[in-house]
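Shown next, in structure tokens, is the structure this report addresses.
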Amino acid sequence: MVELAIDNKISRTSIDDPTALPCMTPDAMVGSKPFLAAPDHNTKLGFPGELVDDWKEKAIARMGYLAETNKAFKVYLDTCVKCGACTDKCHYYMGSGDPKNMPVARQDLLRSVYRRYFTFAGKYFPKLVGAVDLTREVLDDWYSYYHQCSQCRRCSVFCPYGIDTAEISMAARDIMDHIGVGQKYCNEIIGKVMDVGNNLGLNAKALKATMEDLEEDLEDETGLEIRIPVDEHGADILLITPSADFFAEPHIDGLMGYAKVFHAAGASWTVSSYASEAANFGMFIGSEENTAVLCNRIRKAAEDLGVKRIIFGECGHAWRVAYNFLNTLAGPFDFLDQNYPIPQHILEYTWDLIERDQLTFDKSKNDEYRVTFHDSCNVSRASRMGDKPGGQFDIPRNVLKAVCNNYYDMPDETIREKTLCCGGGGGLLTDDLMDIRKKGSSPRMHALQQVERDFGVTHMVAICAICKTQFAKMMPEFGFDREAILSAHQLVSNAIVLEGQIDEDDDDDEDMEPEMNGASATGDGS
Amino acid sequence: MISTLYALLFYVATFLLVAGVSQKIWIYWRTPSPLKVVVTPAPTTNTGVVLRMAREVVLFESLFKSNKWIWVFGWMFHFGLLLVLIRHLRYFTNPVWWWVSLLQTVGIYAGFAMFLGLTGLLIRRIVVNRVRYISAPSDYLMLLLLMAIGFSGLMMRFVLPTDIVAVKTFFLGLLRFNLQPLPMDLPVLVHLGLVVVLMIIFPISKLLHVPGLFFSPSRTQADNAREKRHVGAAPAGR
Ligand code: HEM
Ligand code: SF4
Ligand code: SF4
Ligand code: SF4
């Protein structure tokens, strides 16, 4: 008995065991709810502005519609055997102990209603199979707990049937949107992209001015005229990157890295002010219609600018949409050059150049960093890079190892396909959800603390705009510097040696010591 | 009288099982996958997908990665069940297929393995607080039902032997629509009655994981979105 119960762990996620579980605390997070969207945010996306009168009927009807039109939703609702294999796999459960954050329990919030209205057993024997009526309390639970899922798919990897809670969360948010219960953060942002082209509401003029400033910075740094072209007709490559790359730290250093790589390759490229956003929050709210609208902006930009290729910058969920959905929702892209992947990831592009010996690096430029890599969930579990399965894990690591000397991986159960979410994905990156964001990030942050302790790791690299923003916020909470989070192309940018570049800091290299955070660092770099 | 009732029950249960599962398979088959939602890393070819699915079905690969206790008990139960089912073919075939006779002895141990596995799963469901939290009464009852079937079966074999030849005659008769009497022993009647219940609830319970597994898009899709445009039927709403 004791043996079988052995995984009733109660140690709480810690440096020694980042994926340990806390005591189960029912309703610990029931009060965590994001702000409701204002009526015009909802109507703009084609949803009712406020909770409609006949919301129960509408919600059930929408549920039935999804079950008929989405195989994943239908099969996942029917198939779960309640084996419990996923119950200890969600970072929000590890961080909060609220049982409704266990993936299967999160699904059950919706499944129990589905059973009640759509299955024989639930209609006639509701108590027996745990079916419940749709009530205001149930709706409130949906709103709380489907906004405590970052749609990271970690649970799906471990489920014997691949049941993906992200799919259920998306459906639940779609159902809620259809009865007028939208989430402010996501819906407002989707509206902004529709109006202006990006999540920030940065218009064409402001974008051009910002890029000109960046070009000046690049020239100051290298003495070279490195361009970041905007709306350049006839360019070969259209770069679609998260708008955070245009202004936030450390994102912007990544953008400068892309520019240097393009410069070194002699590529002709441009960003578009019309499609100046890689992220697609339409996916977060499970709305295929809105996802498609944003995807088609990218297609239109590519057609209007007459480019031959599309490359995506560092962004997790964006890459999922680009890699898996773009072709379906906005394709076929037969007007692009078919000799290149459509779309391509910037890391695939850079790694290809490295493999073909087209780039030169001075790795010692990154010696002040001892780095580890955070596999962004949606890159890891919902996309690929290169032509072999798992390229999404190897290519970023290969690039990092090509540009810096000190690289260490975090513990196995927290990386690659088992990677832990940053805690802010899936539409949770908003201040009104700060508590759950922090709890959700704790397993990842403890894994980072472990490699800090064991190998003296000082910095973590991410390739997702959300991850970077989230970690910049979380780092200080866990005893790290705010700037301990880096962009992958930031390290590329530091190390790349461009032809004809001036080198200002030739002589102050030696006194760069690794900056340690807190605990002593004894890693020997091997 | 009771024999006729059981014969009738078996016909009805078989019909419900076949019709119910076929209908579900038809629904799963027909429901579109609007988007590519495969969980990666995943095979890039259809052959790769078949291999991945074979590993899931035979080895419970993901479950192995996930939780060794559930895997051990789950695998014992399912492979015990498989062997037991194969062993049962001898009641429906005359002459008995050679490979079925070959498995007779193993089949007995399989019965114990199955029972043990189910017991382990039940204990877990009760003692692990996370699993207890997600369990509905039906989840316990399903395990108890299968355990009762296994237990009554083992009783017949080891404690209260029944007239196996008569049982076989009954089932061969069913197949030929020629009614034959069942031995009136309690274990036989309980065993067969519970099997009828299992067959009837199969298509309306979580036993749908059997067809469902083969239609789970996160596993059955190939990772080839860039190479081959995925065209799932778009939602009619657009
Ligand atoms: C293609 C054949 C099948 C496959 C691949 C399969 C796979 C699985 C897996 C992976 C699990 C989860 C782990 C576990 O709890 O054991 C499971 C659970 C279960 N399976 Fe199957 N199964 C199959 C056929 C069947 C059949 C024919 C039955 C019964 C007649 C059955 C009854 C159950 C039950 C009752 C559970 C839940 C166990 C629990 O409550 O913990 N399965 N199955
Ligand atoms: S692992 Fe899958 S089948 Fe098991 S409880 Fe979780 S969702 Fe259900
Ligand atoms: S998708 Fe991620 S966040 Fe959502 S339930 Fe699964 S593990 Fe948790
Ligand atoms: S923000 Fe990053 S870590 Fe978080 S869910 Fe998205 S990809 Fe995963």
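The values are calculated or read from the model by the stated rules, or taken from the named source; none is laboratory data. Keep in mind the model is a prediction, meaning the values are calculated, not measured. Using ideal geometry, Cβ is built from the backbone for each residue, glycine included, and neighbour counts are taken over all protein chains shown.
State the number of residues belonging to segment B:205-218 that are facing another protein chain (nearest Cβ under 7 Å) and either within 13 Å of ligand 2 (Cβ to nearest atom) or under 13 Å from the mean Cα position of the chain (by Cα) (or both).
8
In segment A:131-167, what residues are of a type in the set (Ser, Thr, Tyr) and either within 16 Å of ligand 1 (Cβ to nearest atom) or out of contact with any His (no Cβ under 9 Å at 6 or more places or on another chain) (or both)?
At the first step, the residues of segment A:131-167 found to be of a type in the set (Ser, Thr, Tyr) are A:135, A:143-146, A:150, A:156, A:161, A:165.
Listed by number, the residues that qualify are A:135, A:143, A:144, A:145, A:146, A:156, A:161, A:165.
May I ask you to say which residue of B:62, B:22 is without any contact (Cβ under 8 Å) to a residue 40 or more places away in the chain, within 16 Å of ligand 1 (Cβ to nearest atom), among the hydroxyl-bearing types (Ser, Thr, Tyr) and surrounded by fewer than 18 Cβ atoms within 10 Å (Cβ to Cβ)?
On inspection, the qualifying residue turns out to be B:22.
Does any residue of segment A:120-137 turn out to be polar (S, T, N, Q), farther than 19 Å from residue B:37 by Cα and within 15 Å of ligand 4 (Cβ to nearest atom)?
no
Test residue A:466 against the criterion of being within 16 Å of ligand 3 (Cβ to nearest atom) and away from chain B (no Cβ under 14 Å), and give yes or no.
Yes.
Just one of A:386, A:286 is assigned to a loop (DSSP other than H, G, I, E, B), away from ligand 3 (no atom under 16 Å from the Cβ) and either within 19 Å of residue A:267 (Cα to Cα) or assigned by TED's automatic domain parsing to the domain that holds residue A:413 (or both); which is it?
A:386
Which members of segment A:77-87 meet the condition of being more than 10 Å from ligand 3 (Cβ to nearest atom) and under 21 Å from residue B:126 (Cα atoms)?
Within segment A:77-87, the subset more than 10 Å from ligand 3 (Cβ to nearest atom) is A:77-85, A:87.
The answer is A:80, A:81, A:82, A:83, A:84, A:85, A:87.
Of the numbered conditions (1) more than 19 Å from the chain's Cα centre (by Cα); (2) aromatic (Phe, Trp, Tyr); (3) more than 16 Å from ligand 3 (Cβ to nearest atom), residue B:133 satisfies every one except a single condition; which is it?
Among (1) more than 19 Å from the chain's Cα centre (by Cα); (2) aromatic (Phe, Trp, Tyr); (3) more than 16 Å from ligand 3 (Cβ to nearest atom), residue B:133 violates only (3).
What number goes with the only condition from (1) more than 11 Å from ligand 2 (Cβ to nearest atom); (2) touching a helix residue (DSSP H, G or I) at 6+ places or on another chain (Cβ under 6 Å); (3) at the interface with another protein chain (Cβ under 7 Å from one of its Cβ atoms) that residue A:67 does not pass?
Failed condition: (3).
Go through (1) modelled with pLDDT of 95 or more; (2) surrounded by 24 or more Cβ atoms within 10 Å (Cβ to Cβ); (3) within 20 Å of the chain's Cα centre (by Cα) for residue A:243 and report which single condition fails.
It is condition (1) that residue A:243 fails.
Look at segment A:160-216 and say how many of its residues are of a type in the set (D, E, K, R), in a helix (DSSP H, G or I) and within 30 Å of residue A:71 (Cα to Cα).
Going through segment A:160-216 one residue at a time, the tally reaches 6.
Could you identify the single residue in A:250, A:229 that is touching a residue at least 60 places away in the same chain (Cβ under 8 Å) and not assigned by TED's automatic domain parsing to the domain that holds residue A:145?
A:250
When you scan segment A:491-509, do you find a residue that is touching an Asp or Glu at 6+ places or on another chain (Cβ under 9 Å) and within 22 Å of residue A:283 (Cβ to Cβ), even just one?
no
Where residues in segment A:64-76 are in contact (Cβ under 8 Å) with a residue 60 or more places away in the chain and aromatic (Phe, Trp, Tyr), which of them is nearest to ligand 3 (Cβ to nearest atom)?
A:76
To keep it simple, each residue is scored yes or no on (1) modelled with pLDDT of 95 or more; (2) more than 14 Å from chain B (Cβ to nearest Cβ).
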{"residue": "A:317", "(1), (2)": "no, no"}
{"residue": "A:373", "(1), (2)": "yes, yes"}
{"residue": "A:377", "(1), (2)": "yes, no"}
{"residue": "A:382", "(1), (2)": "yes, no"}
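Can you give me the ranges of the helices (runs of 4 or more DSSP H) entirely in segment A:95-159 with at least 3 residues that are within 21 Å of residue A:181 (Cβ to Cβ)?
A:103-118, A:136-145
Please count how many residues of segment A:223-253 are in a helix (DSSP H, G or I) and out of contact with any Lys or Arg (no Cβ under 8 Å at 6 or more places or on another chain).
The qualifying residues number 5.
Which members of segment B:199-219 meet the condition of being more than 16 Å from ligand 3 (Cβ to nearest atom) and hydroxyl-bearing (Ser, Thr, Tyr)?
B:205
State yes or no: is residue A:333 at pLDDT 95 or above, closer than 28 Å to residue A:170 by Cα and surrounded by fewer than 21 Cβ atoms within 10 Å (Cβ to Cβ)? Even if it seems obvious, please write down each step before you answer.
Numbers: at pLDDT 95 or above: yes; closer than 28 Å to residue A:170 by Cα: yes; surrounded by fewer than 21 Cβ atoms within 10 Å (Cβ to Cβ): yes.
Answer is yes for this residue.
Within segment A:38-90, work out how many residues are hydroxyl-bearing (Ser, Thr, Tyr) and farther than 23 Å from residue A:290 by Cα.
Final tally of qualifying residues: 3.
Among the numbered conditions (1) on the phi > 0 side of the Ramachandran plot; (2) surrounded by 17 or more Cβ atoms within 10 Å (Cβ to Cβ), tell me where residue B:124 comes up short.
Evaluating residue B:124 over (1) on the phi > 0 side of the Ramachandran plot; (2) surrounded by 17 or more Cβ atoms within 10 Å (Cβ to Cβ) leaves (1) as the failure.
How many residues are over 30 Å from residue B:195 (Cβ atoms) and free of Cβ contacts under 8 Å to residues at least 24 places away in the same chain when one looks only at segment B:32-54?
Here the count works out to 3.
Please verify whether segment A:81-94 includes one or more residues that are in a helix (DSSP H, G or I), within 10 Å of chain B (Cβ to nearest Cβ) and surrounded by fewer than 20 Cβ atoms within 10 Å (Cβ to Cβ).
No, segment A:81-94 contains no residue that is in a helix (DSSP H, G or I), within 10 Å of chain B (Cβ to nearest Cβ) and surrounded by fewer than 20 Cβ atoms within 10 Å (Cβ to Cβ).
Return yes or no: is residue A:439 assigned to a helix (DSSP H, G or I), within 16 Å of ligand 3 (Cβ to nearest atom) and either in the same structural domain as residue A:91 (by TED's automatic domain parsing) or modelled with pLDDT of 95 or more (or both)?
The answer is yes for residue A:439.
Being acidic (Asp, Glu) and more than 19 Å from residue A:198 (Cβ to Cβ) is the requirement here; does residue A:304 meet it?
Here the answer is no, as residue A:304 does not meet what is asked.
Only one of these conditions is not met by residue A:150: (1) within 20 Å of residue A:27 (Cβ to Cβ); (2) of a type in the set (Gly, Ala, Ser); (3) crowded, with 24+ Cβ neighbours inside 10 Å. Which number is it?
The number of the failed condition is (1).
Is it the case that segment B:90-106 has a residue that's more than 16 Å from ligand 4 (Cβ to nearest atom) and within 14 Å of chain A (Cβ to nearest Cβ)?
Taking segment B:90-106 and keeping what is more than 16 Å from ligand 4 (Cβ to nearest atom), we get B:90-106.
Applying the additional criterion that residues be within 14 Å of chain A (Cβ to nearest Cβ) yields none.
Checked against the condition, which is being more than 16 Å from ligand 4 (Cβ to nearest atom) and within 14 Å of chain A (Cβ to nearest Cβ), segment B:90-106 yields no hits at all.
Taking segment A:489-498, which residues are surrounded by 24 or more Cβ atoms within 10 Å (Cβ to Cβ) and of a type in the set (A, V, I, L, M)?
A:491, A:492
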